[in-house]
Amino acid sequence: MTGNQTAEGPKHKRDLTRRKVVVAGAGAAVAVGVGGTVAAGAFAGETGGKATGASASSSSSAGETCYKLTSETTEGPYYIDADKLRQDITEDKVGIPLTLRIKVIDSETCKPVGNAAVDIWHCDALGLYSGYESFSGGGGGGTPPTDAPSGTPTDVPSGTPTGEPPSGGGGGGHEEPTSDTRYLRGTWRTDRKGFVTFRTVFPGWYQGRCVHIHTKVHVSGEWTDAGYEGGTTCHTGQFFFDEETVLLSAEVEPYSTSTTERTTLDEDTIYDQSGTTGGLLKLKYKKNDIAKGVLATITVGVDPEATNTGT
């Protein structure tokens, strides 16, 4: 079933809008691998199929660390409010299969936060965001909005950004979508142990930002046949990838075809250099064959009583 997306109100007061429910067929949970080949069960860490990476434990260990409150960041200009309820957000996008396993805990009590709605969204292998292809990218595809002052030369070579693009995490306000594409976006609920798993592809990069994934955590809403309704947003953040892994991914097609200058993790203006607390993912994969898939895990500490503005 689908419903209409409503306009966002003031984020520090608004309830979540009604969310669409997209029902996928039984064979939908597959990875689109490098070069466009479809590989069922190709996600690292999955059970019930041939594993292509290290396995993740299905339950928390007895001595698990209670993490601090995870760093908040701005939502960036490319957020679309929980447009699709699904775990596999790949659609037809090619790239390195990525399994993202998130655990949400209360940063004060260290107890898991179950039944929360977690959003993730990120760019594709060449830096494009669904819904915003005309804005995102830069060098690898898409032309970012220009804010060049009057008198700036206009004879810039085709494909070269003419202004400073939205940062995807720190620049400008929300932009309205310019297309109806929704790849690499999804929302799903945490289980009673606070876990939620998404299947996607390893993100690429675009001008001014390191490789990252956006996220929001919503609590106190109600899951209905029509979707997830009500509640508040208690966390807005981003997940980051270590430099060694990004360099390996850059050797794999289609990432290797990007002509966009890459911002490193150390150079990024959004990542606060605080490791897990700042959103740095723990990654597992075969270093001599990263194209087979990557398992990314992180524990996110939130304050369920807080309301995050995302600005």
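The values are calculated or read from the model by the stated rules, or taken from the named source; none is laboratory data. Note that the structure is predicted; figures quoted are calculated from it, not measured. No Cβ is skipped: glycine too gets one built from the backbone with ideal geometry, and neighbour counts run over all protein chains shown. All accessible areas refer to the heavy atoms of the entire protein, side chains included, with ligands and DNA or RNA removed. Shrake-Rupley method; radii C 1.70, N 1.55, O 1.52, S 1.80 Å.
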Strands (runs of 3 or more DSSP E) contained entirely in the range 202-286, each with at least 1 residues that are out of contact with any helix residue (DSSP H, G or I) (no Cβ under 6 Å at 6 or more places or on another chain) and free of Cβ contacts under 8 Å to residues at least 40 places away in the same chain: 212-224, 282-284
Looking for something under 30 Å from D289 (Cβ atoms), among the basic types (K, R) and buried (at least 22 other Cβ atoms within 10 Å of the Cβ) - is there at least one such residue anywhere in the range 178-192? yes
Count of the range 103-125 residues which are of a type outside the set (A, V, I, L, M) and outside any loop (DSSP other than H, G, I, E, B): 5
E261 passes all but one of the listed conditions (1) closer than 28 Å to G310 by Cβ; (2) buried (at least 19 other Cβ atoms within 10 Å of the Cβ); the exception is number (2)
Scan the range 221-252 for residues that are of a type in the set (G, A, S) and touching a strand residue (DSSP E or B) at 6+ places or on another chain (Cβ under 7 Å) and jot them down. G221, A226, G227, G230, G231, G237
Hey, does the range 286-294 have a residue that's closer than 23 Å to R86 by Cα and over 16 Å from the mean Cα position of the chain (by Cα)? yes
Among (1) assigned to a strand (DSSP E or B); (2) surrounded by fewer than 20 Cβ atoms within 10 Å (Cβ to Cβ) - the single one L100 does not satisfy: (2)
Quick one: would you say T215 is at pLDDT 95 or above, open to solvent by 10 Å² or more (accessible area, probe 1.4 Å) and not charged (D, E, K, R)? no
Condition (residue is modelled with pLDDT under 80, within 21 Å of T259 (Cβ to Cβ) and either in contact with a Cys (Cβ under 6 Å, 6 or more places away or on another chain) or open to solvent by 70 Å² or more (accessible area, probe 1.4 Å) (or both)) applied to the range 138-146: is it met by at least one residue? yes
